[in-house]
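Reading through the structure tokens given below for one structure.
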């Protein structure tokens with residue numbers, strides 16, 4: 001199974017956590033039993049960069065920690081059952097979607113929550129992968145509970161739990 005992760009950074013300084021994000025995405029895809037070749041695009045930016053994307057795509061003119069842009073609609077927990085899956089003819093991979101992470105916001109949140117930047121980036125990455133796979137948390141009920149359970153289980157596998 002090929003899970004290609006394409007990571008790009010808009011930061012002026014070197015982003016030191018590329019391997020962590022790749023490991024988090026691969027682990028999340030494996031734990032969610034994504035059994036087809038796929039691709040995930042990741043953009044690392046700062047608060048201003050994510051604010052601009054948030055304003056353009058969601059008409060919310062404020063920064064956030066992570067944005068997810070799924071290419072397909074999946075039922076949570078069963079991505080391989082989707083009939084919509086289309087491979088990119090050039091790569092032969094299914095493009096799951098894009099994620100945008102504010103490194104600046106991740107560092108601030110890690111400090112605020114009293115854990116490491118690695119843990120915060122890992123969580124944001126896993127959170128975004130689950131959005132790409134159909135999970136959501138907007139209902140404050142069963143869907144949110146299900147998503148939080150999966151996040152914590154995946155984070156535990158990576159030894160990044162709270």
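The values are calculated or read from the model by the stated rules, or taken from the named source; none is laboratory data. Keep in mind the model is a prediction, meaning the values are calculated, not measured. Glycine also receives a Cβ, built like all others from the backbone with ideal geometry; neighbour counts cover every protein chain displayed.
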Exercise for the section: Please enumerate the residues belonging to the stretch 67-81 that are buried (at least 19 other Cβ atoms within 10 Å of the Cβ) and modelled with pLDDT of 95 or more. Expected result: 67, 68
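When only residues in the stretch 148-162 that are assigned to a helix (DSSP H, G or I) and in contact (Cβ under 8 Å) with a residue 60 or more places away in the chain count, which is surrounded by the fewest Cβ atoms within 10 Å (Cβ to Cβ)?
Step one: filter the stretch 148-162 for residues assigned to a helix (DSSP H, G or I), giving 148-157.
Narrowing further to those that are in contact (Cβ under 8 Å) with a residue 60 or more places away in the chain: 150, 153-154, 157.
Working: 150: 21, 153: 12, 154: 25, 157: 14.
The residue in question is 153.
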Fill in the blank from the handout: Going through the stretch 96-117 in order, the residues found to be touching a helix residue (DSSP H, G or I) at 6+ places or on another chain (Cβ under 8 Å), more than 14 Å from residue 44 (Cβ to Cβ) and surrounded by fewer than 24 Cβ atoms within 10 Å (Cβ to Cβ) are 97, 109, 110, 113, 116
Completion exercise
Taking the stretch 10-40 and the residues there that are without any contact (Cβ under 8 Å) to a residue 60 or more places away in the chain and under 15 Å from residue 124 (Cβ atoms), the one that is surrounded by the most Cβ atoms within 10 Å (Cβ to Cβ) would be 22
Handout entry: Subset of the stretch 1-22 [within 21 Å of residue 154 (Cα to Cα), touching a helix residue (DSSP H, G or I) at 6+ places or on another chain (Cβ under 8 Å) and part of a loop (DSSP other than H, G, I, E, B)]
Key = 17
Handout entry: Neighbours by Cβ (under 8 Å, 6+ apart or cross-chain): first from the stretch 119-147, at pLDDT below 90; second part of a helix (DSSP H, G or I)
Key = 136/143; 136/144; 136/147; 137/143; 137/144; 137/147; 137/148; 138/144
Problem - Criterion violated by residue 90 - all others in (1) exposed (fewer than 15 other Cβ atoms within 10 Å of the Cβ); (2) more than 22 Å from residue 3 (Cα to Cα) satisfied - result: (2)
